[in-house]
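Chemist: Sending over a structure as structure tokens; questions will come in a sec.
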Amino acid sequence: MKLTTKDISIQYQDQNSIKYPDIELNSGDKVLLKGPSGCGKSSLLYALSNIIPVHRGQVLLDGNDISNLSIKDKDSFRSQHFGLIFQEPRFLYALTVYENIELAATYQSKMSKKEIMDLVQSLNLTGIAHKKIGHISTGERQRTAIARTLVQRPTFILADEPTSALDDRHCNDVIELLIHTSAAINAGLIVASHDHRLDPYFPSTIQLI
Amino acid sequence: MKSLYIALKNSIHRPLGPILSTLLIGLSVALLVFSLRLQNKVEHRFSENLAGIQMILSAKGSPLQSVLCNLFHIDNPTGNISIQDAQPYLRPNHPYIQTAIPISLGDNYQGYRIVGCTEAFFNHYGLNLASGQELTENNSVVIGSTVAKELSLKIGDTFHSGHGIRDIGMEHEDGGPLKVVGILQHKGNITDQLIYTLASTVWAQHEGITKIDHGIEGDSLNHATPTIRSNEDLLTHVDREITAVLLVFKGHNMQVLNFGRQINARTTIMAADPAIEINRLYLWIGSGMDITYLLAMAIFAISMISIFISQWMTIKERISDMAIIRILGGGRSTVIKIILLESLIIGGLGIGLGYLLSATAFMTINPWLRDQYQVRLPIFYWNKEEILLCVTILCICVTAVLIPAWRLYRLPLASALETK
């Protein structure tokens, strides 16, 4: 599948708007969105995944405009095609690590329980699978968030500053995991980050000003 | 993973609010169920045991006490009246009186009252034998179905009656044992909880001293005392006493209305109107019930406020939950469903706790109620009123979280993701 943008701009509540360069990304591609804090990296990810509307221009998936869907259809469409990973991953704190990962399958049903268990094992999460989210480290949370996104089997993975809170070792682990797993499911990967440690991992970058 | 599971996990994850709300709902439900059942029981008992009796003639005293004692078998007698004084009303072919039912009270067996009566009592209340035979001799008794069941009495069993209308351990040894000759069919009213004997047996039990004067012992007493089976037999012993006469009139006319007033004004006996006395009692009970209902409603209101505050205080966490669930494809309705289910879980647990508390309370006070008032509150009982109560509680639980739920429903996903 191909994700493209045409002349998109986003307007904020204070009426300021940001115009973005056109993007063209196929499933299986990986790209790094670079730029300083406040340049609109996160907003672009939100616009691509239809969380916020574009002020001008179009976001197209395989040539179809996805901005005119109802709220319900947007939610459904987003969860089918976009897996989102945040700088501070969000979880249901009442659930365990495994249950948070399994939650994605509840609404998508793309993975069986066995496949989820295999995924948990492959991401070295077995030891903490039955722990509450509040009892695991930041790096483990990021791995859990990646595992949950993989259960969705999205067409594109959009990661917003996934490594900024991590030390070098965990930064390498997380980005390698993201690249490796997105390639494994042939998902397009867009990482928005101002973290220079990620530069070597991405042959293609989009610089925002 | 079902929404119910997430709702359960959420409730366990933040237990303080749900526990407090559940306790408060449980307390209010227990109070409401207790009040409802007590009120139902009292009203049911009064209406079913009124049995068409329109007036009670007894010794002067409190008319309410007379009604409670002679009709509902709850209170103490106001005293005895002589058959001499009662005979005008016991005579057949009275111009106003259709049925006169004389009774003699004053004894019990293990807390169950013994009623000395004539065949008029059995005829009026429509009492039929399930087994055994009718009363024909002194010192024979016919027992109600509840008495037979609770005391495991069977035909041929004998026992000594106790003095007084409650079991205080004073037996009538001198009057000889009473023998069960019949067991009545179940009627579902107070008659199931009484022991019946001939009026003359009550005299014999209370005049045991007489047998000593006559040199008679034990079971042979019944041969020394006249056997009274009918009102006509009773009228041949005007020197004796009975406790009361229950009256049913031939019609409702002005003369009947004045009948009671005339008795009270001109005779040594008292006429009490059960309908008037029961209405007075309802007024008293009603006030007590109203206070209990108000208390229960106040506790319930606090529990609802507690649910609302507990949801409102965790709204930030909810916003985060909603953001995740929407990103994973759950939709806004899923989050609302989880919040409503959490509230319903609290409501359901509260109702369960309330019924548990009320059942415990009933089990605790039932022996006392039976001894004092011949009443037993049903422990396992379900009626439309209580079903409506439970449904209303669940509806109010849902209503209590509608505002936070609506706020979440309306919140854009982008704003939810910005909430830390």
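The values are calculated or read from the model by the stated rules, or taken from the named source; none is laboratory data. All of these numbers come straight from a predicted model, not from anything done at the bench. Every residue, glycine as well, gets a Cβ built from its backbone with ideal geometry; the counts of neighbours run over all protein chains shown.
Chemist: Among the numbered criteria (1) touching an Asp or Glu at 6+ places or on another chain (Cβ under 6 Å); (2) crowded, with 19+ Cβ neighbours inside 10 Å; (3) farther than 15 Å from B:Asp85 by Cβ, which single criterion is violated by B:Ile228?
Modeler: Among (1) touching an Asp or Glu at 6+ places or on another chain (Cβ under 6 Å); (2) crowded, with 19+ Cβ neighbours inside 10 Å; (3) farther than 15 Å from B:Asp85 by Cβ, the lone unmet condition for B:Ile228 is (1).
Chemist: Sticking with this structure for a sec: Here is a list: B:Asp233, B:Asp273. Which entry is surrounded by 15 or more Cβ atoms within 10 Å (Cβ to Cβ), among the acidic types (Asp, Glu), modelled with pLDDT of 80 or more and under 30 Å from B:Gln39 (Cβ atoms)? Walk me through how you get there before you give the answer.
Modeler: Numbers: B:Asp233 fails: under 30 Å from B:Gln39 (Cβ atoms).
The match here is B:Asp273.
Chemist: Of everything in the range A:40-73, what is hydroxyl-bearing (Ser, Thr, Tyr) and part of a loop (DSSP other than H, G, I, E, B)? Give them in sequence order.
Modeler: Quick first cut of the range A:40-73, residues hydroxyl-bearing (Ser, Thr, Tyr) only: A:42-43, A:46, A:49, A:67, A:70.
Residues satisfying the conditions are A:Ser49, A:Ser67, A:Ser70.
Chemist: Follow-up question, since we're still on this one. So which residues in the range A:106-116 are surrounded by 17 or more Cβ atoms within 10 Å (Cβ to Cβ) and more than 8 Å from chain B (Cβ to nearest Cβ)? Please lay out each step first, then the result.
Modeler: Just the residues of the range A:106-116 that are surrounded by 17 or more Cβ atoms within 10 Å (Cβ to Cβ), to begin with: A:106-108, A:111, A:116.
Those that are surrounded by 17 or more Cβ atoms within 10 Å (Cβ to Cβ) and more than 8 Å from chain B (Cβ to nearest Cβ): A:Met111, A:Ile116.
Chemist: Same structure again: So which of B:Leu408, B:Leu341, B:Leu356 ends up being of a type in the set (A, V, I, L, M) and in contact with a Ser or Thr (Cβ under 9 Å, 6 or more places away or on another chain)? Can you show your working first?
Modeler: Values: B:Leu408 fails: in contact with a Ser or Thr (Cβ under 9 Å, 6 or more places away or on another chain); B:Leu356 fails: in contact with a Ser or Thr (Cβ under 9 Å, 6 or more places away or on another chain).
Result of the check over B:Leu408, B:Leu341, B:Leu356: B:Leu341.
Chemist: Could you please find all residues in the range A:37-57 being among the polar types (S, T, N, Q), in contact (Cβ under 8 Å) with a residue 40 or more places away in the chain and buried (at least 17 other Cβ atoms within 10 Å of the Cβ)? Steps first, please.
Modeler: Here is the first cut: in the range A:37-57, the ones among the polar types (S, T, N, Q) are A:37, A:42-43, A:49-50.
Cutting the leftovers down to in contact (Cβ under 8 Å) with a residue 40 or more places away in the chain gives us A:37, A:42, A:49.
Those that are among the polar types (S, T, N, Q), in contact (Cβ under 8 Å) with a residue 40 or more places away in the chain and buried (at least 17 other Cβ atoms within 10 Å of the Cβ): A:Ser42, A:Ser49.
Chemist: Okay, moving on. Within the range A:112-134, can one find any residue that is assigned to a loop (DSSP other than H, G, I, E, B) and under 26 Å from A:Asn26 (Cα atoms)? Reasoning before the result, please.
Modeler: Our first condition is that a residue be assigned to a loop (DSSP other than H, G, I, E, B); within the range A:112-134, this holds for A:112, A:123-125, A:129-131.
Filter once more, keeping what is under 26 Å from A:Asn26 (Cα atoms): A:123.
Yes - at least one qualifying residue is present in the range A:112-134.
Chemist: Let me ask something else about it. Return a yes/no flag: does the range B:312-323 have any residue that is within 21 Å of B:Ile19 (Cα to Cα), assigned to a helix (DSSP H, G or I), away from every other protein chain (no Cβ under 13 Å) and more than 44 Å from the chain's Cα centre (by Cα). Break it down stepwise before answering.
Modeler: To start, the set of residues in the range B:312-323 that are within 21 Å of B:Ile19 (Cα to Cα) comprises B:312-318.
Among the residues that remain, those that are also assigned to a helix (DSSP H, G or I) are: B:312-313, B:315-318.
Those left that are additionally away from every other protein chain (no Cβ under 13 Å): B:312-313, B:315.
Those left that are additionally more than 44 Å from the chain's Cα centre (by Cα): B:313, B:315.
For the range B:312-323, residues within 21 Å of B:Ile19 (Cα to Cα), assigned to a helix (DSSP H, G or I), away from every other protein chain (no Cβ under 13 Å) and more than 44 Å from the chain's Cα centre (by Cα): present.
Chemist: Which members of the range A:45-87 meet the condition of being among the charged types (D, E, K, R) and within 27 Å of A:Thr144 (Cα to Cα)? Don't jump to the end; show me each part of the working.
Modeler: Applying the first criterion (among the charged types (D, E, K, R)) to the range A:45-87 yields A:56, A:62, A:65, A:72-75, A:78.
Correct list: A:Lys72, A:Asp73, A:Lys74, A:Asp75, A:Arg78.
Chemist: Give me the pairs: first residue in the range A:59-85 and over 15 Å from A:Met1 (Cα atoms), second residue of a type in the set (Lys, Arg), beta-carbon distance under 6 Å, and six or more apart or on different chains, which are they?
Modeler: Close Cβ pairs (under 6 Å, with a partner that is of a type in the set (Lys, Arg)) amount to A:Asp75/B:Arg326.
Chemist: A further question follows. How about the range A:51-73: which of its residues are within 22 Å of A:Leu189 (Cβ to Cβ) and either within 9 Å of chain B (Cβ to nearest Cβ) or in contact with a Gly (Cβ under 8 Å, 6 or more places away or on another chain) (or both)?
Modeler: Across the range A:51-73, the qualifying residues are A:Ile51, A:Ile52.
Chemist: Regarding B:Thr360, is this residue in a helix (DSSP H, G or I), modelled with pLDDT of 85 or more and surrounded by fewer than 18 Cβ atoms within 10 Å (Cβ to Cβ)? Don't jump to the end; show me each part of the working.
Modeler: Values: in a helix (DSSP H, G or I): yes; modelled with pLDDT of 85 or more: yes; surrounded by fewer than 18 Cβ atoms within 10 Å (Cβ to Cβ): yes.
Here the answer is yes, as B:Thr360 does meet what is asked.
Chemist: Could we say that A:Leu33 is of a type in the set (A, V, I, L, M), farther than 27 Å from B:Arg332 by Cα and surrounded by 20 or more Cβ atoms within 10 Å (Cβ to Cβ) here? I'd like the intermediate steps shown before the answer.
Modeler: Numbers: of a type in the set (A, V, I, L, M): yes; farther than 27 Å from B:Arg332 by Cα: yes; surrounded by 20 or more Cβ atoms within 10 Å (Cβ to Cβ): yes.
Against the criterion (of a type in the set (A, V, I, L, M), farther than 27 Å from B:Arg332 by Cα and surrounded by 20 or more Cβ atoms within 10 Å (Cβ to Cβ)), A:Leu33 qualifies.
Chemist: Between a first residue in the range B:175-199 that is farther than 19 Å from B:Phe159 by Cβ and a second residue that is part of a loop (DSSP other than H, G, I, E, B) and of a type in the set (Phe, Trp, Tyr), which pairs have beta carbons less than 9 Å apart while being 6 or more apart in sequence or on different chains?
Modeler: Once the first residue is farther than 19 Å from B:Phe159 by Cβ and sits in the range B:175-199, its partners that are part of a loop (DSSP other than H, G, I, E, B) and of a type in the set (Phe, Trp, Tyr) give B:Ile190/B:Phe72.
Chemist: While we're looking at this one, here's another question. Taking B:Ile74 as the residue in question, decide whether it is hydrophobic (A, V, I, L, M, F, W, C), modelled with pLDDT under 90 and assigned by TED's automatic domain parsing to the domain that holds B:Val181. Before the answer, list the steps.
Modeler: On the way: hydrophobic (A, V, I, L, M, F, W, C): yes; modelled with pLDDT under 90: yes; assigned by TED's automatic domain parsing to the domain that holds B:Val181: yes.
Yes: the conditions hold for B:Ile74.
Chemist: Checking B:Thr136 against (1) within 26 Å of B:Pro92 (Cα to Cα); (2) at pLDDT 90 or above: exactly one of these is not met. Which one?
Modeler: Result: B:Thr136 passes all but (2).
Chemist: In this structure, is A:Leu103 within 9 Å of chain B (Cβ to nearest Cβ), touching a residue at least 12 places away in the same chain (Cβ under 8 Å), among the aliphatic types (A, V, I, L, M) and in a helix (DSSP H, G or I)?
Modeler: Values: within 9 Å of chain B (Cβ to nearest Cβ): yes; touching a residue at least 12 places away in the same chain (Cβ under 8 Å): yes; among the aliphatic types (A, V, I, L, M): yes; in a helix (DSSP H, G or I): yes.
Criteria met by A:Leu103.
Chemist: Within the range A:8-39, restricting attention to residues that are in contact with a helix residue (DSSP H, G or I) (Cβ under 9 Å, 6 or more places away or on another chain) and part of a loop (DSSP other than H, G, I, E, B), which residue is nearest to the other protein chains (Cβ to nearest Cβ)?
Modeler: A:Tyr12
Chemist: I'm told B:Ser104 meets every condition in (1) of a type in the set (S, T, N, Q); (2) more than 27 Å from the chain's Cα centre (by Cα); (3) crowded, with 22+ Cβ neighbours inside 10 Å except one. Can you identify the failing condition by its number?
Modeler: (2)
Chemist: Can you tell me which residue among B:Lys154, B:Lys149 is under 19 Å from B:Gln193 (Cβ atoms), among the charged types (D, E, K, R) and within 20 Å of the chain's Cα centre (by Cα)?
Modeler: Details: B:Lys154 fails: within 20 Å of the chain's Cα centre (by Cα).
It is B:Lys149.
Chemist: Test of understanding: among A:Asp75, A:Asp22, which residue is charged (D, E, K, R) and surrounded by fewer than 14 Cβ atoms within 10 Å (Cβ to Cβ)? Working first, answer last.
Modeler: Working: A:Asp75 fails: surrounded by fewer than 14 Cβ atoms within 10 Å (Cβ to Cβ).
Exactly one residue qualifies, and that residue is A:Asp22.
Chemist: Can you tell which of A:Ile51, A:Ile18 is among the β-branched types (Val, Ile, Thr) and touching a strand residue (DSSP E or B) at 6+ places or on another chain (Cβ under 7 Å)? Spell out how you get there, then give the answer.
Modeler: Numbers: A:Ile51 fails: touching a strand residue (DSSP E or B) at 6+ places or on another chain (Cβ under 7 Å).
None of the other options fit; the residue is A:Ile18.
Chemist: If A:Gln152 meets every condition in (1) within 16 Å of the chain's Cα centre (by Cα); (2) free of Cβ contacts under 8 Å to residues at least 60 places away in the same chain; (3) buried (at least 22 other Cβ atoms within 10 Å of the Cβ) apart from one, which number is that one?
Modeler: (2)
Chemist: From B:Ile351, B:Ile319, which residue is under 22 Å from A:Leu92 (Cβ atoms), of a type outside the set (Asp, Glu) and either in the same structural domain as B:Ala30 (by TED's automatic domain parsing) or without any contact (Cβ under 8 Å) to a residue 40 or more places away in the chain (or both)?
Modeler: Details: B:Ile351 fails: under 22 Å from A:Leu92 (Cβ atoms).
Result of the check over B:Ile351, B:Ile319: B:Ile319.
Chemist: Out of the residues in the range A:74-100 meeting the condition of being among the hydrophobic types (A, V, I, L, M, F, W, C) and assigned to a loop (DSSP other than H, G, I, E, B), tell me which one is nearest to the other protein chains (Cβ to nearest Cβ). It would help to see each step written out before you state the result.
Modeler: Taking the range A:74-100 first, the residues among the hydrophobic types (A, V, I, L, M, F, W, C) are A:77, A:82, A:84-86, A:91-92, A:94-95, A:97.
Checking which are assigned to a loop (DSSP other than H, G, I, E, B) leaves us with A:86, A:91-92, A:94-95.
Details: A:Phe86: 8, A:Phe91: 7, A:Leu92: 6, A:Ala94: 3, A:Leu95: 6 Å.
The qualifying residue nearest to the other protein chains (Cβ to nearest Cβ) is A:Ala94.
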